[in-house]
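For reference, the structure is listed below as C-alpha cells.
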C-alpha cells in the first residue's frame, strides 16, 4: 500500500471513529478507547428513582458494566451458588430482556469482592464478546446480536488466587484479550468473525493482573493497543500484526487492576498491592527517533487508585482512589490542583459527562463531581444496593448497573 493509500485508510478510520462516537455506542469497558469520555448532553446532575426511564431486575449477580450498540444493551451476570454464566440483551427503550443465554459452569475460590461476572462484554456491529474463567479454562465467546453463538474458544487454564476480571475489547475486526496470571500468560487477538487466532504475544507470568487494554492514538502515528500488568509493565502492540512496539518494565512486584488510559499524549496507569495503590505514573511513549524509549514523565504516590481507572480530560488528570480520595493533577506536569476525600469505597471507575465526573461507590451511591480546577461535590444519589460497575453512556442515556439491577437515566432535554 502506498503512502496515499495509507493516508486514505487512516482518514477513513478517523471518520468512522467520529461517526461511531456521535452515534453514541459504548462498545467496551469505559467506552470508546477506554477513556471514559462521553459527548452526551442529556444526563442530569441530580435525580431520584422516579426520574429514571426504567429500572429492571436482572437475573443473577454481577460486577461487570453494560455496553450498548444501537437499540440494545448487553450485560453479563452470574449465579453465585452455581457459577452459571449469563449473557443478557436488553431493549434500550424499556429494559425488556430480549434474550438470555445461559452457560453452566463450576464454582471456585476467588476474592470476596469478585463475582462470576466481573468482565465487561465488548460489542461491535457483528457481535458481542464475553469472557469468563474457571481454573481449568479461560473462555472467550462470541454471539451475534440475536444471541446466536458465532464461536467459542478455550484459551487454557487460569491460575489466580483472586479469580479473574480482565475484559475483552473489539478493535477493527479483532477480539483482544489479555490473560496475565500466575500460569501461562499471553495476549491473544482472535478474528471477530471466526474466532481464529490472528496473533498471540507470550507474556511473563506471575502476580495476576486485571487491567483491560486501552487504544492509544498518538498524533501522527498509527493506533496501538496498550496493556498493563505488574510483571510485564506497559506493553504497546501493533493491532494489525501483534508486533510489540515498545515496553516499559516499571511496576516491579506489584499488581495492575485498574486499566491504562491514553490521554494528553501520555499513558496513565496506577498499580500497587492492597488498598490503596502505591504509585501512579504518566508515561510518555517513545518518539519516532531511532533508539527512543518510553519514559516516566511524572508520578504521584499519595493515595492513588488500585482498582479504579484514572480519567483525563481538558488538561486535567483525575485519580479516584479506592478509599474515596480524589486528586486532580495537571496533565502537563502532574502538579496537584486539588485533593479531597468524598467518602465511600470504590471499585467502579469514573466517567466524564458534560464537565462532570460520575462514579459509583461499592455501597451503591453515585457521586457527581465537577471536573474542574476547583473541587465541588455536586450530588450523591443512592441506587438502593451495592455496585462494582462503571456507568455506560449511549445515545445521551446513562446506564447504571447495581448487583442485580440495571437502570436507564437521561436522554431527554434538560
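FYI, it's all coordinate maths here, none of it is from the lab. Nothing here was measured: the structure is a model prediction, and the numbers come from that model. In this analysis, Cβ positions are derived from the backbone assuming ideal geometry, glycine residues included, and neighbour counts consider all displayed protein chains.
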In terms of the alpha carbon gyration tensor, root eigenvalues a ≥ b ≥ c, rounded if a/c is under 1.5 and otherwise prolate when a/b exceeds b/c or oblate, segment 354-405 is oblate
Per-residue Cβ contact counts at 10 Å, fewest first, order 257, 336, 269 as 336, 257, 269
Most fluctuating of 221, 265, 127 in the GNM of the chain (C-alpha, under 10 Å) is 221
Give or take rounding to whole Å, what are the principal axis extents of the alpha carbon atoms in segment 221-370, in descending order? 47, 32, 28
Mind sorting out which of (1) 0.98; (2) 1.40; (3) 0.91 is the real Cα Rg over 2.2 N^0.38 Å computed from the coordinates? (3)
Measure off 7 Å from each Cα along the Cα-to-Cβ vector at residue 197 and residue 219, then give the distance between these two points in nanometres to one decimal. 3.9 nm
Gaussian network model of the chain, Cα within-10 Å springs - most flexible of 331, 93, 41: 93
The residues 115, 205, sorted from fewest to most surrounding Cβ atoms within 10 Å, come out as 205, 115
Euclidean distance between Cα centres, segment 36-112 to segment 189-244, Å: 27 Å
Using the 10 angstrom Cβ neighbour count as an exposure proxy, how do 359, 89, 256 rank, fewest first? 89, 359, 256
Describe numerically, in nm with one decimal, the distance between label points set 7 Å from Cα along Cα→Cβ at residue 373 and at residue 412. 3.7 nm
By its C-alpha gyration tensor, with a ≥ b ≥ c as the square roots of the eigenvalues, how is segment 283-356 shaped: rounded for a/c under 1.5, else prolate for a/b larger than b/c, else oblate? prolate
What residue among 77, 404, 387 has the largest mean-square fluctuation in a Gaussian network model of the chain, using Cα springs under 10 Å? 404
Where does the chain land at 222 nm, in deg cm²/dmol rounded to the nearest 500, when only DSSP H runs of n ≥ 4 count, each adding -39500 (n - 2.57), divided by all residues? -2000 deg cm²/dmol
